Amino acid sequence: MAVDPPVDANPANLLAGPTTVASVPAPPSLLHQDFDRAFEHIVGEAGIEAMLRLPLTEAQKAIVSEIAQERTVQFNAVAKRSYAKLVALQGIETRLQGPPHEKVRAAVDLLRGYLATRSVIHRESALDALEKTGAFDAAQLATARAMVEEYEKALRDEIAAATPNLEGDELDRRVHIALLLDILKDTLEMEAKTGAESFAQFSAAVELTPAQEERVKLIFTPIVVQELQGNRVAALDRVRALLEVSRELTAEQRERAWTYIHNQEREVEESRKTTEPEAPKLDAMPSSE
């Protein structure tokens, strides 16, 4: 004879939803998490980004930020000198699969980019620099290193798939270049953000109309591009640009513009005085007697 299942007489249990099993959080990763686990390039340095995706104390976050800033300054010094060579590496994998003449030009660009940036390509890794601070435990560093290794393997697989018969030192070199371009994207985004903020401050101070903003941007764009490429902009070109901008402004706006520029120059000069060592006074010099 069939026996009916026991009835739960507890109202709270009757109203409760279905039993759920706690999900295990996915391990931290630099790879884009979606259904097909597609690979996407990060923006910035892999080691820094990996550490920032871990649970950190405020003190640890400050150390990561400090190390990241130091390394960005180092990279920017090289990137500014080699900007045109780095920009030429955009889309290098596609160019290397193109017609013979394009392959040769791409290979030359690749070699130039590598030689110009090898000092930062082969520098100490970000995670090694962070480890030396003694602020991070072994588990944090091991997890971050595993994240970087996973990311670099995905990057290597992507390059190898796009470029048949590529292996050994040449494949390593291409991976290094790809990692360098990830950092370059971060630098360019920071430059663009800084430039946009500076222009917004100028526009607000001068009270430009939307139409004036567009015209002024067009005038200054060639100068900004030259500076990003590390080229020296002639003083005459700057004066011409300023005169052209001046013609776009009303008399009141010109007065506000020159006041703004003067104040900016004064702030730079005052900042320079605070950072430069003070020259010794004559009465403080040791006597020769």
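FYI, it's all coordinate maths here, none of it is from the lab. None of these values were measured; they are calculated from a predicted model. We place every Cβ from the backbone using ideal geometry, glycine too, and count neighbours over all the protein chains shown.
The ranking of Met51, Met147 from fewest to most other beta carbons within 10 Å of each one's beta carbon is Met147, Met51.
Measuring against 31 Å, Cα to Cα, the residue pairs Lys61/Lys185; Lys85/Lys132; Lys153/Lys217; Lys103/Lys132; Lys103/Lys153; Lys153/Lys185 contain Lys85/Lys132; Lys153/Lys217; Lys103/Lys132 as the ones spanning a longer distance.
Residues Arg254, Arg71, ranked from the fewest to the most other C-beta atoms within 10 Å, line up as Arg254, Arg71.
Charged side chains reduced to their Cβ positions (Lys and Arg at +1, Asp and Glu at -1) give the stretch 59-189 a dipole of some 620 debye around its Cα centre.
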